[in-house]
Ligand code: AMP
């Protein structure tokens, strides 16, 4: 049984579970306080804090795990990155209040105190820049440290920027871009690697399908050339004869969900009929 460490709570936990469900790996048998659950077949989920997942996986206590790329980097342990899961997007940024006099990162003076839940990344970032700051490690709510007078600036996570703004902090520079990652223990054997490769492909196929839709329409044969331009599809649209005496053909294509509104209107303008758009569960190129 391969163990996959998943976040037990917090921002990532719901989306991770949803992704595994969509890939056919339903998290089963999980009570409120359960520490493990069956993921079906050969996998078992173990639920731990997102911060602890890099350690669990690096030590081989789990063969793989999902957590934020920020936490993986902060842990500084050797791990194999298998897949960017694309959700949980955020940035680790240097942020300052106007009173600090820090407008650009170059304004950070030697000796300034920087509060962060990411002391290792913070130290490394300023060290690389040749700026000698004093890191003040905190375990949460770094954004209030300047108000409490325990730091001059912060290095904190942001996605919408609203928490920073609410605390009178302005973003000054980016330390790291992050999103949820599937990672593996580098010491896994051949069989574990093969299973994890299959898991990676299953998750990737769900992610690939999420931004796409399957579109079918009947279009006049005479507009086929223009229809091809509207529907590039993965390998161009599939074109099927319709038993109507030859005036219409059915076209099928995988299209981007972001542009579906425009695509449907363009097909209508070309005389398209019976237009059908459906979700795709998985997409393997
Ligand atoms: P949390 O659930 O708040 O402990 O955060 C766990 C992980 O969610 C973080 O380490 C990040 O990888 C990710 N995350 C995504 N967006 C944000 C955000 N705006 N603030 C904090 N963490 C975020």
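Every number here is computed from the coordinates shown, using simple stated rules; none is lab data. Everything quoted here is computed from the prediction, not taken from an experiment. Counting neighbours? That spans all protein chains shown, and the Cβs are built from the backbone with ideal geometry, glycine included.
Restricted to the range 1-84, the set of helices (runs of 4 or more DSSP H) holding at least 3 residues that are surrounded by fewer than 21 Cβ atoms within 10 Å (Cβ to Cβ) and free of Cβ contacts under 8 Å to residues at least 24 places away in the same chain comprises 11-22. Got a number for residues in the range 104-128 being loosely packed, with under 13 Cβ neighbours inside 10 Å and in a helix (DSSP H, G or I)? Count: 3. When restricted to residues that are more than 15 Å from the ligand (Cβ to nearest atom) and more than 26 Å from the chain's Cα centre (by Cα), the range 116-147 contains 15. If you go through the range 98-114 one residue at a time, do you hit one that is within 14 Å of the ligand (Cβ to nearest atom) and either touching a residue at least 40 places away in the same chain (Cβ under 8 Å) or more than 30 Å from residue 198 (Cβ to Cβ) (or both)? Scanning the range 98-114 turns up no residue that is within 14 Å of the ligand (Cβ to nearest atom) and either touching a residue at least 40 places away in the same chain (Cβ under 8 Å) or more than 30 Å from residue 198 (Cβ to Cβ) (or both).
Residues that are out of contact with any helix residue (DSSP H, G or I) (no Cβ under 8 Å at 6 or more places or on another chain), in a strand (DSSP E or B) and touching a residue at least 24 places away in the same chain (Cβ under 8 Å) were ranked within the range 208-255; the one that is surrounded by the most Cβ atoms within 10 Å (Cβ to Cβ) is 253. If you filter the range 148-179 down to residues that are touching a residue at least 24 places away in the same chain (Cβ under 8 Å) and more than 16 Å from the ligand (Cβ to nearest atom), you find that the one that is farthest from residue 94 (Cα to Cα) is 150. For the range 85-99, the count of residues that are surrounded by 17 or more Cβ atoms within 10 Å (Cβ to Cβ), assigned to a helix (DSSP H, G or I) and touching a strand residue (DSSP E or B) at 6+ places or on another chain (Cβ under 9 Å) is zero.
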